[in-house]
Amino acid sequence: MTHVQAMAIVKRFGTTAAIDRINLDVRPGELFTLVGPSGCGKTTLLRIIAGLLEQDEGAVHFNGAPVDAIPPHLRNIGIVFQSYAIFPHLTVAENIAYGLKARRVPPGEIAAKVGEASRLVQLEGLLDRMPGQLSGGQQQRVVLARALVIEPQLLLMDEPLSNLDAKLRLQIRSLIRTLQRTLRITTIYVTHDQEEALAISDTIAVMDRGRVLQVGTPWELYLRPANRFVAEFIGSMNVVQAEVAEPQDGRGGVIVTSFGARWRAPVSQHIGARVTCGLRPESLQLEPGAAGESWNSVSGQVVDVAYLGAVVRYRVQLPAGAEITADIYNPDFAAIRAVGDPLTLWFAPDRLIALPNEDGE
């Protein structure tokens with residue numbers, strides 16, 4: 001298993017810093033995901049780690065040793081790109097074997113290794129087929145097998161599911177996670193899809209404008225985002241502005257006013273301070289919880305209702321024109337509110353997430 005470190009990496013294109021002094025520490029055997037919007041620098045960083053692009057500053061180490069002077073084909077890396085890059089004139093078996101032949105592995109070993117790799121990705125019966133005879137999901141399995149068959153010390157994956165439909169994305173995502181856990185191969189995975197990142201990762205680095213804003217486990221990023229960008233990018237988040245109306249209330253927070261309501265909030269600020277809080281849509285409910293506990297509420301008018309199967313999503317307009325989204329799970333379908341209905345939503349105070357104000361990001 002390989003320990004990967006990227007230290008103070010800088011990459012400029014002209015006067016633009018695509019990578020701005022990024023540090024990463026990828027533990028041996030983990031699946032580490034770089035997630036962020038298009039243009040944030042995640043693919044550029046991946047290509048630097050692969051040796052396909054040279055950084056302007058900083059260093060990349062594998063297991064404590066620098067690799068910047070080592071060419072890509074000698075770094076023992078398996079790479080899965082967004083485009084499949086399958087050779088159309090070669091069979092499935094020949095495509096999988098390509099890296100082994102480039103390494104001059106004896107033919108007898110190649111056959112055994114191709115057979116094992118095809119078994120791992122469930123392609124055993126398709127080795128004689130041509131790529132044009134395969135579905136998109138099968139082609140992606142070929143690419144995975146080709147990356148794994150060389151037994152790399154590190155697996156790099158750049159948006160590997162972006163060309164698949166929704167059902168195939170889930171299938172291949174599950175396969176990738178299963179293979180990674182089985183083989184215990186250190187994997188760096190790039191995606192712009194936050195749901196994909198949450199589902200597949202041991203650790204996630206959220207990137208924006210060439211910087212890493214937060215690194216953590218999926219649940220750390222979801223429950224304790226470091227700033228507003230992370231809060232809104234990882235999952236859905238209602239961001240609300242409030243003002244501290246009363247000091248510490250003896251329950252670990254203060255009383256704030258927002259949208260004409262008074263809430264308990266888990267922040268520590270002086271009276272009159274403006275605070276920013278996040279509230280996940282699933283934290284809201286139609287009735288308060290257990291009696292005797294503290295519950296916050298907010299009222300408004302339903303402006304949109306979306307039935308999503310196990311959840312009903314309400315978009316509610318609050319005083320002063322602001323809107324808030326609520327996801328009600330396992331709803332009473334006989335009592336679904338309609339557009340125009342008044343609606344009061346309740347939430348536990350500890351579901352509010354304190355966020356730095358914009359200048360504290």
For this session: Please go through segment 10-60 and pick out each residue that is assigned to a helix (DSSP H, G or I) and hydrophobic (A, V, I, L, M, F, W, C).
Result: L45, L46, I48, I49, A50
For this session: Give the residues of segment 72-89 that are among the β-branched types (V, I, T) and farther than 10 Å from R146 by Cβ, sorted by residue number.
Result: I77
Exercise. What strands (runs of 3 or more DSSP E), lying completely within segment 220-332, carry at least 2 residues that are closer than 30 Å to A205 by Cβ?
Worked result: 238-246, 274-279, 311-317, 323-329
Exercise. Looking only at segment 141-184, which residues are surrounded by 15 or more Cβ atoms within 10 Å (Cβ to Cβ), in a helix (DSSP H, G or I) and charged (D, E, K, R)?
Worked result: R141, R146, R169, R173, R177
Problem set entry | segment 195-211: number of residues that are buried (at least 18 other Cβ atoms within 10 Å of the Cβ) and either without any contact (Cβ under 8 Å) to a residue 24 or more places away in the chain or more than 18 Å from L156 (Cα to Cα) (or both) | 2
Exercise. Hey, any hits in segment 204-211 for a residue that's within 29 Å of V267 (Cβ to Cβ), part of a strand (DSSP E or B) and of a type in the set (D, E, K, R)?
Worked result: yes
Problem set entry | Looking only at segment 291-337, and only at residues there that are of a type in the set (S, T, N, Q) and touching a strand residue (DSSP E or B) at 6+ places or on another chain (Cβ under 7 Å), the one that is farthest from C277 (Cα to Cα) | Q301
For this session: Residue by residue through segment 158-195, note down the ones that are in contact with a strand residue (DSSP E or B) (Cβ under 7 Å, 6 or more places away or on another chain) and under 19 Å from A85 (Cβ atoms).
Result: D158, E159, P160, T187, I188, Y189, V190, T191
Exercise. If P349 satisfies every condition in (1) at pLDDT 95 or above; (2) surrounded by 13 or more Cβ atoms within 10 Å (Cβ to Cβ) but one, which is the exception?
Worked result: (1)
For this session: Give segment 301-331 a look and list any residue that's touching a residue at least 12 places away in the same chain (Cβ under 8 Å) and on the phi > 0 side of the Ramachandran plot, or say none.
Result: A320, N330
For this session: Scan segment 305-321 and give yes if some residue there is within 18 Å of D350 (Cα to Cα), among the polar types (S, T, N, Q) and either modelled with pLDDT under 85 or surrounded by 14 or more Cβ atoms within 10 Å (Cβ to Cβ) (or both), otherwise no.
Result: no
Exercise. Is there a residue in segment 70-80 that is touching a residue at least 24 places away in the same chain (Cβ under 8 Å), surrounded by fewer than 18 Cβ atoms within 10 Å (Cβ to Cβ) and touching a His at 6+ places or on another chain (Cβ under 7 Å)?
Worked result: no
Problem set entry | Condition broken by H89, with the remaining ones in (1) surrounded by 14 or more Cβ atoms within 10 Å (Cβ to Cβ); (2) over 21 Å from the mean Cα position of the chain (by Cα) satisfied | (1)
For this session: Could you tell me whether any residue of segment 34-43 is touching a Leu at 6+ places or on another chain (Cβ under 7 Å) and either loosely packed, with under 15 Cβ neighbours inside 10 Å or more than 24 Å from E232 (Cα to Cα) (or both)?
Result: no
For this session: Quick one: T276 ticks every box in (1) buried (at least 19 other Cβ atoms within 10 Å of the Cβ); (2) touching a Ser or Thr at 6+ places or on another chain (Cβ under 9 Å); (3) not basic (K, R) except a single one, so which number is it?
Result: (2)
Seminar exercise, completed: Expected output for segment 81-100 (first residue touching a residue at least 40 places away in the same chain (Cβ under 8 Å), partner among the acidic types (D, E), Cβ below 6 Å, 6+ apart or cross-chain) is F81/D158; Q82/D158; Q82/E159
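The values are calculated or read from the model by the stated rules, or taken from the named source; none is laboratory data. Just so it is clear, the model here is predicted, and its values are computed rather than measured. Because the Cβ atoms are built from the backbone with ideal geometry, glycine has one as well, and the counts that use them run over all protein chains shown.
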